[in-house]
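Right, one structure below, let's go through it.
What follows draws every value from the coordinates through simple rules; no lab data is involved. Quick caveat: nothing in here was measured; it's all calculated off a predicted structure. Cβ: placed from backbone, ideal geometry, glycine included. Neighbour counts: every protein chain shown.
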Amino acid sequence: MTEEDYRALNRPLWDERVAVHFGSDFYDVPGFRAGAQTLRDFEIAEVGDVAGRRLAHLQCHFGLDTLSWARRGARVTGLDFSGAAMEAAQGLAADCGIDARFVTADVYDAPAALGETYDIVYTGLGSLVWLPDLGRWAGVVAALLEPGGFLYLSEFHPVSHMLDDETGTTVAYDYFDRSPQYWDEPGTYTDGGAALTHTRSVEFQHGLGDVVSALAAAGLRVDFLHEHDHTLWARFTTLEQDGTVYRQPAGRPRVPLMYSLKATRPRV
């Protein structure tokens with residue numbers, strides 16, 4: 001599959017989802033307008049103080065996490081290949097009085113499209129499965145970083161993609177399968193959108209070793225890799241809500257459901 005093939009398949013799906021997601025309870029845009037933020041506690045703790053720092057958010061959808069970093073003092077730029085998402089993000093920023101820049105471009109074209117470098121590159125949950133080439137992605141991240149700057153990545157753990165879709169207690173999928181995965185699903189992961197027109201997509205699975213190796217090959221130094229025993233929704237029927245996250249019940253064997261990673265561009 002060529003780049004144009006996967007972009008042509010995935011972009012209409014994401015363009016159409018924007019309006020549905022923007023109006024969904026899942027994203028709660030009214031709550032955000034009222035002052036809420038969407039970052040996870042572990043992200044805030046691991047990234048640290050962002051006040052005055054230049055932050056680029058790659059594959060930012062319609063920018064709630066991007067604007068949440070801005071509310072914490074970062075000077076933010078969001079990038080996404082969906083023009084509809086960028087239009088919605090810029091409008092939301094204006095409505096909320098938040099200074100932010102949003103650019104429509106494919107992530108692989110980010111260095112040319114953004115035209116500047118950053119102290120922090122942030123990539124949020126559910127992004128990497130849409131990218132066929134992690135090596136090229138890591139090169140983009142390195143090109144966007146100032147010396148001494150860092151990537152912060154939080155993602156769903158690839159081990160969770162191996163498990164059966166119902167209970168998450170048995171291995172049902174091949175961890176090492178790197179073939180494109182085609183989907184045709186009528187709705188979306190938020191409430192609403194049952195009548196969506198663009199339902200076909202393609203995803204690409206990457207192991208944890210793939211991610212770390214790609215970053216290392218791009219010249220970045222991995223500072224930490226943290227694995228988490230929780231996720232953000234009831235991914236499996238066995239998970240129980242614990243505050244704002246979901247975990248296996250006490251006494252049940254745990255598997256990693258999310259991970260977070262920091263990788264720095266060395267100064268020398």
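For the reader, a short list of remarks on this structure follows.
- Those chymotrypsin sites (Phe, Trp or Tyr not before Pro) in segment 93-175 that DSSP places in a loop and that have at most 16 other beta carbons within 10 Å: TYR173, TYR175
- Net dipole in debye of segment 105-202 [+1 Lys, Arg Cβ; -1 Asp, Glu Cβ; about Cα centre; nearest 20]: 180
- For segment 23-99, relative contact order (Cα pairs under 8 Å, six or more residues apart, normalised by length) works out to 28 percent.
- Each stretch of four or more DSSP H residues adds -39500 (n - 2.57); spread over every residue of the chain, this sum gives -9000 deg cm²/dmol at 222 nm.
- Across the chain, the mean sequence separation of Cα contacts (distance under 8 Å, 6 or more residues apart), normalised by length, yields a relative contact order of 18 percent.
- Signed unit charges on C-beta, dipole axis of the chain, positive-most listed residue SER154, GLY78, GLY219: GLY219
- Gyration tensor (alpha-carbon) shape descriptor, segment 1-151, a/c threshold 1.5: oblate
- Of the residues PHE102, LEU232, PHE176, the one whose Cα sits farthest towards the positive end of the charge dipole of the chain is PHE102 (charges of +1 on Lys and Arg Cβ, -1 on Asp and Glu Cβ, taken about the Cα centre).
- Cα gyration tensor shape of segment 16-64, rounded if a/c is under 1.5, else prolate or oblate by comparing a/b with b/c: prolate
- Electrostatic dipole magnitude of segment 149-258 [Cβ: Lys, Arg +1; Asp, Glu -1; Cα centre; debye, to 20]: 240
- Prolate/oblate/rounded call for the chain, Cα gyration tensor, a/c under 1.5 rounded: rounded
- Residues VAL268 and THR117, FRET efficiency given R0 of 22 Å [Cβ-Cβ distance, rounded to 0.05]: 0.85
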